[in-house]
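Engineer: Mind looking over this structure? Questions follow.
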Amino acid sequence: MILRFKSLFIRVFASCLGGAVLFSGSVLASGNNRVLVVHSYHKTQKGHVVEMDQGIAEAFTGANADLRYVYMDTKLRNDDAWKREAGRLVTGEMERFLPRVVIAMDDNAQAYFVTMNMHRENAPAFVFGGVNAGIAAYGYPQPNVTGVLERPNIRESLELLLKIKPDVKSVLMISDKSRTTDLFVAYCKTLDLPVRIAGYVQARTLGDWEKTIKAYRGKVDGFGVYVLRTVREKAAGKSRSVSETRLVEILNQKGRLPTVGFFDTTAESGLLCGISVSMKAQGLAAGQMARSILEGKSPEDFPIEPTRRGRIQLNLKTAEQLGLTMDWSIISKADVVVR
């Protein structure tokens, strides 16, 4: 039976935390096969949550399933008190909805929701996606838990950079300071990479970002950039987040070196190149597992492993600004090309 889509918005306001919107969007279908989709981040996060939802929807095309989507919003609101509260609110939604399967995307949903519920009596099956940490951090594997790992394509991205600029010898890794980037740094340090990593800097503020670029210009051949969502600045006496696009613009203007990214919006943000994990593929794989569980399979039937194919991204405008020319053999293989 084909899914029938309706628009239904559920807003749960936490008065003690400023009234943030937590729940948004339910997809209803005939039948009693309920699936709760729990996202760590906000519904409109382009290149990440949006694409994950596209993959999940594709996995359930033609299925007899009742899907409800929940967004914890722990990227824009990343203090620990809110994360705990978001996990509590999602648990309440699960208790009301009583899903047979829960799809939980990204690490905060594991840390603040799944781990609190996977051992309860009559717990549903849990399928995770977008998980950067080692699964032991969450007490996985469990008989009722399986899923898809997210492992950044660091080596592949650096090899792509070397195809464009073969004389790059050393790269500084720079990002925001968050749990996601802590895991990135730890994983990167386990790899044998084709260039020397000059260091890892996790900037908390715009000032940190600008000082780092100035300090390393002339000392490295390029910058490797990961997630940039929690860097902040003070304006009019208040602290506010700095956009990814603005941070990359500053990097390009003041660094004037080749850049390689390892995240969803690498080329769109203005970085030269990169190979990112396909978030749609993450959602699709998790959705396919969840659908199979609805159809009678067990979570233990599915190995926990990463998705394989990444998204090749190129920004030809940035290449032109750096005086670089890319061969058509490189451009023709790209999934995303900013011209």
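Engineer: Would you mind stating whether SER178 is at pLDDT below 95 and assigned by TED's automatic domain parsing to the domain that holds LEU257? Even if it seems obvious, please write down each step before you answer.
Structural biologist: Working: at pLDDT below 95: yes; assigned by TED's automatic domain parsing to the domain that holds LEU257: yes.
Yes, satisfied.
Engineer: Considering only residues that are more than 19 Å from THR265 (Cα to Cα) and under 14 Å from the mean Cα position of the chain (by Cα), which ones fall in the range 40-72? Even if it seems obvious, please write down each step before you answer.
Structural biologist: Going through the range 40-72, the residues more than 19 Å from THR265 (Cα to Cα) turn out to be 56-72.
The answer is TYR71, MET72.
Engineer: What pairs come up if the first residue lies in the range 298-326 and is closer than 20 Å to ILE164 by Cβ and assigned to a loop (DSSP other than H, G, I, E, B), the second is at pLDDT 95 or above and among the basic types (Lys, Arg), and their beta carbons are under 7 Å apart, counting only those six or more places apart or on different chains?
Structural biologist: Sorted first by the residue in the range 298-326, then by its partner, the pairs are LEU324/LYS165.
Engineer: For the range 307-324, which residues satisfy the criterion of being out of contact with any Asp or Glu (no Cβ under 9 Å at 6 or more places or on another chain), of a type in the set (Gly, Ala, Ser) and over 11 Å from ASN252 (Cα atoms)?
Structural biologist: The answer is GLY323, and nothing else.
Engineer: Yes or no: the range 303-311 includes at least one residue that is crowded, with 17+ Cβ neighbours inside 10 Å, under 22 Å from ALA285 (Cα atoms) and modelled with pLDDT of 95 or more. Working first, answer last.
Structural biologist: Of the range 303-311, the ones crowded, with 17+ Cβ neighbours inside 10 Å are 307, 310-311.
This time we only want the ones that are under 22 Å from ALA285 (Cα atoms), so: 307, 310-311.
Okay, now just the ones that are also modelled with pLDDT of 95 or more, so none.
No; the residues of the range 303-311 include none that is crowded, with 17+ Cβ neighbours inside 10 Å, under 22 Å from ALA285 (Cα atoms) and modelled with pLDDT of 95 or more.
Engineer: Further question on the same structure: Please go through the range 232-264 and give me each residue that is in contact with a helix residue (DSSP H, G or I) (Cβ under 6 Å, 6 or more places away or on another chain), assigned to a loop (DSSP other than H, G, I, E, B) and within 13 Å of TRP209 (Cβ to Cβ), ordered by number.
Structural biologist: Result: VAL242, single match.
Engineer: For the range 229-242, what are the residues that are among the polar types (S, T, N, Q) and surrounded by fewer than 15 Cβ atoms within 10 Å (Cβ to Cβ)?
Structural biologist: First, the residues of the range 229-242 that are among the polar types (S, T, N, Q): 230, 239, 241.
If the condition is that a residue be among the polar types (S, T, N, Q) and surrounded by fewer than 15 Cβ atoms within 10 Å (Cβ to Cβ), then SER239 is the only one that fits.
Engineer: Determine which member of the set VAL38, VAL90 is touching a Phe, Trp or Tyr at 6+ places or on another chain (Cβ under 8 Å), of a type in the set (Val, Ile, Thr) and not in a helix (DSSP H, G or I). Please lay out each step first, then the result.
Structural biologist: On the way: VAL90 fails: not in a helix (DSSP H, G or I).
None of the other options fit; the residue is VAL38.
Engineer: Could you please find all residues in the range 15-51 being surrounded by 20 or more Cβ atoms within 10 Å (Cβ to Cβ), at pLDDT 95 or above and under 21 Å from PRO124 (Cα atoms)?
Structural biologist: Those that are surrounded by 20 or more Cβ atoms within 10 Å (Cβ to Cβ), at pLDDT 95 or above and under 21 Å from PRO124 (Cα atoms): VAL35, LEU36, VAL37, VAL38, HIS39, SER40.
Engineer: Restricting to the range 222-269, give me the number of residues that are under 19 Å from GLU159 (Cα atoms) and modelled with pLDDT of 95 or more.
Structural biologist: Counting residues in the range 222-269 that are under 19 Å from GLU159 (Cα atoms) and modelled with pLDDT of 95 or more gives 13.
Engineer: Filter the range 175-228 for residues that are surrounded by 19 or more Cβ atoms within 10 Å (Cβ to Cβ), among the aromatic types (Phe, Trp, Tyr) and either touching a Phe, Trp or Tyr at 6+ places or on another chain (Cβ under 6 Å) or closer than 25 Å to SER239 by Cα (or both) and give the result.
Structural biologist: PHE184, TRP209, TYR226, listed by residue number.
Engineer: With respect to ALA267, determine if the residue is over 27 Å from VAL336 (Cα atoms), among the hydrophobic types (A, V, I, L, M, F, W, C), assigned to a helix (DSSP H, G or I) and not assigned by TED's automatic domain parsing to the domain that holds ILE103. Write out each step before concluding.
Structural biologist: Working: over 27 Å from VAL336 (Cα atoms): no; among the hydrophobic types (A, V, I, L, M, F, W, C): yes; assigned to a helix (DSSP H, G or I): yes; not assigned by TED's automatic domain parsing to the domain that holds ILE103: yes.
No: the conditions fail for ALA267.
Engineer: Here's a follow-up. Determine whether the range 259-277 contains at least one residue that is under 16 Å from the mean Cα position of the chain (by Cα) and surrounded by fewer than 19 Cβ atoms within 10 Å (Cβ to Cβ).
Structural biologist: Within the range 259-277, the subset under 16 Å from the mean Cα position of the chain (by Cα) is 261-269, 274-277.
Of the ones still in play, those that are also surrounded by fewer than 19 Cβ atoms within 10 Å (Cβ to Cβ) are 268.
Yes, because at least one residue in the range 259-277 is under 16 Å from the mean Cα position of the chain (by Cα) and surrounded by fewer than 19 Cβ atoms within 10 Å (Cβ to Cβ).
The values are calculated or read from the model by the stated rules, or taken from the named source; none is laboratory data. Quantities reported herein were computed from a predicted structural model and do not represent experimental measurements. Here Cβ is always computed from backbone atoms with ideal geometry, including for glycine, and neighbour counts include all displayed protein chains.
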